[in-house]
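Please read the structure below before turning to the comments.
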Amino acid sequence: METQILLVMGVSGSGKTTVGKALAEALGWEFADADDYHPESNLEKMRQGQPLTDADREPWLRRLHELLEDHLRQHKPVVLACSALKARYREILVGDLPGTRVVFLSGSRELIEGRMQRRIHFMPASLLGSQLSTLEPPSDAIVADIRKPVDAIVEAVLSELGLQGTNLGEKNGE
């Protein structure tokens, strides 16, 4: 089955939203940010510098799974930006959904920490350590080096997937 869902994953500050939006734009697909689906209780916990528990995450991940199922049913390809740090979380999120590929945004702690300190977000840089200790890098993902420019990451991902971007020609002046 051809790719219908791209899960762009990584720790907070790795560029999931930026890269995900750029991929969605290049492909002409819809974009969804998992952060927009957190219940207020999860957001408040993170604002207070408290890491989420598996119990906090599970209903959120199931809600996102339903969102992806809806996109598949409606034949609407989607790029989802979601931390999806553990294999168990990815299993809940996309486990049995056909046409799903994972893009793992990988970079050094120093680079990510610097990004987090320069942005306004509900996730404080103080939680990066807990995210990195939770992270179980996927073995079957396209790994993207976040030191590269966003356009280069998008191009590499599309090449790896064998997909053509519908909006790339416009960006390149063609």
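Derivation of every value follows stated rules applied to the coordinates shown; laboratory data play no part. The shown structure was predicted, so the numbers you read here are calculated from the model rather than taken from an experiment. Note that we place each Cβ from the backbone using ideal geometry, even for glycine, and neighbour counts take in every protein chain shown.
Remarks
- Between L43 and S108, the distance separating the two model label sites (each 7 Å from Cα on the Cα→Cβ line) works out to 3.4 nm.
- Efficiency of FRET from Cβ geometry, D54 and T3, R₀ 35 Å, rounded to 0.05: 0.80
- Rel. contact order, % - alpha carbon contacts under 8 angstrom, at least six apart, the stretch 1-97: 48
- In sequence order, the stretch 136-144 has phi-based couplings of 10, x, x, 8, 10, 9, 7, 9, 10 Hz under the Karplus curve 6.51 cos²θ - 1.76 cosθ + 1.60, θ = phi - 60°, and Gly or Pro positions carry x.
- E66-D96 pseudo-label distance in nm [points 7 Å out on the Cα-to-Cβ vector]: 1.7
- Fully extended contour minus Cα-Cα distance, from R73 to T18, at 0.36 nm per residue: 17.2 nm
- Estimated at 0.36 nm per residue, the fully extended path between S159 and S139 surpasses their Cα-Cα distance by 5.3 nm.
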